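Chemist: Before I ask anything, here is the structure I am working with.
The values are calculated or read from the model by the stated rules, or taken from the named source; none is laboratory data. Here the structure is a predicted model, which means the values were calculated and not measured. With ideal geometry, Cβ positions are generated from the backbone for all residues, glycine too; neighbour counts draw on all protein chains shown.
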Amino acid sequence: MTETETTDEGLRGRKKREAKEAITAAAKRLFTARGFPAVTVDEIALAANVSRRTFFRYFPTKEDVLFGRREAQLAALEIALEPAPAEAPFATVRRALISVSSLHLAEKELVLAEHAIVAKSAELLARDLEWDRKAFLLLARALARGSRGKDAARRARIAAGAIVGALRVVIEEWVESGGKRDLVGEGEEALDLLAALVSKPQ
């Protein structure tokens with residue numbers, strides 16, 4: 001690849017990133033001001049100064065604009081769940097979840113704004129639960145690693161469900177406090193409460 005081609009590729013990548021960011025920012029402004037159901041794709045495109053076609057190039061649906069962060073978070077969780085040598089499954093899960101919680105803290109204002117929008121829409125709340133389901137499947141797989149016995153997969157799924165539920169409580173309380181509560185500390189406390197369930201011998 002020539003220097004010109006490399007430069008062109010870099011410019012195209014930057015323009016794509018900027019267009020996606022403009023759509024996301026415009027959508028969230030409109031959702032915050034008027035509520036999610038009242039805003040159309042055409043209005044978002046107009047506010048972002050892009051075409052309707054460009055909108056759908058980046059987002060399959062209007063709902064997807066709000067869940068880009070969750071998608072990135074899930075990808076980060078999947079990477080973090082790769083076990084270290086000789087690391088027990090629960091230790092892997094604990095480390096991975098604490099690591100991902102740093103993403104919440106780094107984007108606190110964005111997370112709080114998104115939660116405020118989602119909380120007012122039954123449609124978005126249902127979509128939000130889909131991401132919990134995806135996280136649950138990743139955690140269940142990680143917890144079942146190396147397990148034996150007919151009940152091992154079931155125990156891993158029960159434990160993963162308990163972890164997802166407990167952390168949702170922690171996150172909701174953190175959001176309700178305006179991000180003032182100790183997200184990491186209370187997350188670690190919740191995981192410690194569940195450690196006995198996960199670590200029981202098979």
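Chemist: Acidic (Asp, Glu), out of contact with any Lys or Arg (no Cβ under 9 Å at 6 or more places or on another chain), assigned to a helix (DSSP H, G or I) and without any contact (Cβ under 8 Å) to a residue 24 or more places away in the chain: which single residue out of Glu186, Glu173 fits that description?
Modeler: Values: Glu173 fails: out of contact with any Lys or Arg (no Cβ under 9 Å at 6 or more places or on another chain).
Exactly one residue qualifies, and that residue is Glu186.
Chemist: Which one is surrounded by the fewest Cβ atoms within 10 Å (Cβ to Cβ), of the residues in the range 77-104 that are farther than 18 Å from Ala140 by Cβ and small (Gly, Ala, Ser)?
Modeler: So, considering only residues that are farther than 18 Å from Ala140 by Cβ and small (Gly, Ala, Ser), the one surrounded by the fewest Cβ atoms within 10 Å (Cβ to Cβ) is Ala86.
Chemist: Are any residues in the range 116-160 among the small types (Gly, Ala, Ser), under 26 Å from Arg95 (Cα atoms) and part of a helix (DSSP H, G or I), and if so, which ones?
Modeler: Result: Ala135, Ala140, Ala142, Ala152, Ala153, Ala156, Ala159, Ala160.
Chemist: State the number of residues belonging to the range 1-27 that are at pLDDT 90 or above, more than 15 Å from Thr61 (Cβ to Cβ) and not aliphatic (A, V, I, L, M).
Modeler: Keep residues of the range 1-27 that are at pLDDT 90 or above, which gives 18-27.
Cutting the leftovers down to more than 15 Å from Thr61 (Cβ to Cβ) gives us 18-19, 21-22, 25-26.
Those still in the list that are not aliphatic (A, V, I, L, M) too: 18, 21.
Number satisfying all stated conditions: 2.
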